[in-house]
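For reference, the structure is listed below as structure tokens.
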Amino acid sequence: MSKYTIQDIFINYGNEYTKKYKLSKEQWNVFNAIRNCQTENLGYHVCICEECGEEYFGYNSCRNRHCPMCQNYAREKWIKNESSYLLDSKYFHIITTVPYELNDIFMNNPKICYNILFRATSESILTLANAPKWLGAKVGITSILHTWGQTMEMHPHIHSIVTGGGLKNNKWISCNNDYLVKVQVLGSLFKKKFLYYLKHEFDNLSLNDNINNIKHFNKFLEPLYNKTWITYIEPPKGNPENVVEYVGRYSFRVAISNERIKKVENDLVTFEYKDYKDNSKIKEMTISALEFIRRFLMHVLPDNFTKIKHYGILSNRNKKNNIKLYRLLISKILDNEFISSITRKFHEFKCSKCGSVNFNYFFNYNAKRTHIPQL
């Protein structure tokens, strides 16, 4: 367990930060949730062993999706659920990202821009994969939004896990290559779609004073058409079970984990990061505690915003009913019946006196929020 935590930084420097910076409603919710997580402010629970009557006391967790202390259980539960939708297929990992020139627009218009990022990414992949030149079939996509880079600066990008095969005329078409589409073609189409949708949202965007009309906005965007947008396609690796594990790790990350914080002293925070521009070397960066909090809260998502979305043959409306059909069609090609072997091992709390794992739970219902503890 890390010696230094985000919660400690929020508790020790949070009051000073809130006096200096204005927080949005969503940021206030995250700020208070992390500061109060597993403290008496959220109430307590008592676990009583059904076998021997031994009692255990603990404070409740906040369960906020931005809290680094509350992601393990949510991640394991999600992985267990998603594993039931695995297909015996290749899976490609695709990353789509936007240039840094758009960072201010993203920060001032997060919900609009994140939705455009999802839409441009999914439509580009589906369009190209369905083209006869490439796969010529409708693929399935699971997309995950990340908004940060290694140093917690704004870096909006989407991680997409894409099936290496798809549906066409009720037949399964498998991808026999180690590539799904050409990365340059995908990057170009994604760029055009993103900028097209962004322009159409002009009237709804909150922009800087120097971009006060559509003419100025178009002039601001013009250089971006000539710029190469970073797009990455990783060829299939490992078996299908590895895919959901991989997605789960990415899905439930927060801007920085407690393990990466190496030192907090003299109003400064030192943390570890991977420098991708220097052969992925591990380095350390030191910034002020207030700047650390600012960078962390910069990645708070809008309320009720879904950061994991499914498209194509894996869209939520079709996935549950059609997954058996996809497996049947694939099995006709592979001459076998695929059954996912992935299992989740949830941590079980055991009574230190008798070793039982059966408990009754009692809560302080006067607390602001209570729930079954993450044991």
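The values are calculated or read from the model by the stated rules, or taken from the named source; none is laboratory data. Everything quoted here is computed from the prediction, not taken from an experiment. Positions of Cβ are backbone-derived with ideal geometry, glycine not excepted, and every protein chain shown enters the neighbour counts.
Summary of computed values
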| read-out | value |
| --- | --- |
| Residue match in segment 8-20 (condition: part of a helix (DSSP H, G or I), under 26 Å from the mean Cα position of the chain (by Cα), of a type outside the set (Ser, Thr, Tyr) and exposed (fewer than 15 other Cβ atoms within 10 Å of the Cβ)) | yes |
| Single residue of segment 95-147 satisfying the filter (part of a helix (DSSP H, G or I) and of a type in the set (Ser, Thr, Tyr)) that is nearest to GLY312 (Cα to Cα) | SER122 |
| Members of segment 4-20 found to be under 18 Å from CYS70 (Cα atoms) and in contact (Cβ under 8 Å) with a residue 40 or more places away in the chain, listed by number | TYR4, THR5, ILE6, GLN7, ASP8, ILE9, PHE10 |
| Leading residue by the ranking (nearest to the chain's Cα centre (by Cα)) among those in segment 236-282 that are within 30 Å of ASN81 (Cα to Cα) and hydrophobic (A, V, I, L, M, F, W, C) | PHE252 |
| Criterion violated by TYR246 - all others in (1) assigned to a loop (DSSP other than H, G, I, E, B); (2) surrounded by 15 or more Cβ atoms within 10 Å (Cβ to Cβ) satisfied | (1) |
| Subset of segment 170-186 that is hydrophobic (A, V, I, L, M, F, W, C) and touching a residue at least 60 places away in the same chain (Cβ under 8 Å) - its residue that is surrounded by the most Cβ atoms within 10 Å (Cβ to Cβ) | LEU180 |
| Odd one out for SER84, checked against (1) part of a helix (DSSP H, G or I); (2) over 28 Å from ALA289 (Cα atoms); (3) touching a Phe, Trp or Tyr at 6+ places or on another chain (Cβ under 9 Å); (4) of a type in the set (Gly, Ala, Ser) | (3) |
| Count of residues meeting criterion [in contact with a Pro (Cβ under 9 Å, 6 or more places away or on another chain) and either surrounded by fewer than 16 Cβ atoms within 10 Å (Cβ to Cβ) or part of a helix (DSSP H, G or I) (or both)] in segment 43-60 | 1 |
| Every residue from segment 152-169 that is surrounded by fewer than 16 Cβ atoms within 10 Å (Cβ to Cβ) and either within 25 Å of the chain's Cα centre (by Cα) or not basic (Lys, Arg) (or both) | GLU153, ASN169 |
| Search result, residues across segment 249-262 that are more than 27 Å from PHE190 (Cα to Cα) and not in a helix (DSSP H, G or I) | ILE256, SER257, ILE261, LYS262 |
| In segment 295-316, the residues that are buried (at least 17 other Cβ atoms within 10 Å of the Cβ) and assigned to a helix (DSSP H, G or I) | ARG295, PHE296, LEU297 |
| Identity of the residue in segment 21-42, in contact (Cβ under 8 Å) with a residue 24 or more places away in the chain and in contact with a strand residue (DSSP E or B) (Cβ under 8 Å, 6 or more places away or on another chain), that ends up surrounded by the most Cβ atoms within 10 Å (Cβ to Cβ) | LEU42 |
| Pair list, Cβ under 6 Å, 6 or more apart: segment 287-310 residue on the phi < 0 side of the Ramachandran plot, other residue small (Gly, Ala, Ser) | PHE296/ALA255; HIS299/ALA255; ILE308/SER251; LYS309/SER143 |
| Count of segment 263-293 residues which are of a type in the set (A, V, I, L, M) and assigned to a strand (DSSP E or B) | 6 |
| Scope segment 84-104; condition of a type in the set (Val, Ile, Thr) and over 22 Å from ARG249 (Cβ atoms); matching residues | VAL98 |
| Inter-residue pairs, beta-carbon under 8 Å, first free of Cβ contacts under 8 Å to residues at least 60 places away in the same chain and farther than 20 Å from ILE161 by Cβ and in segment 91-116, second of a type in the set (Phe, Trp, Tyr) and part of a helix (DSSP H, G or I), 6+ apart | PHE106/TYR114 |
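Residue-wise test of (1) at pLDDT below 95; (2) outside any helix (DSSP H, G or I).
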site	(1), (2)
PHE190	no, no
ASN208	yes, yes
ILE211	yes, yes
LYS215	yes, no
THR228	yes, yes
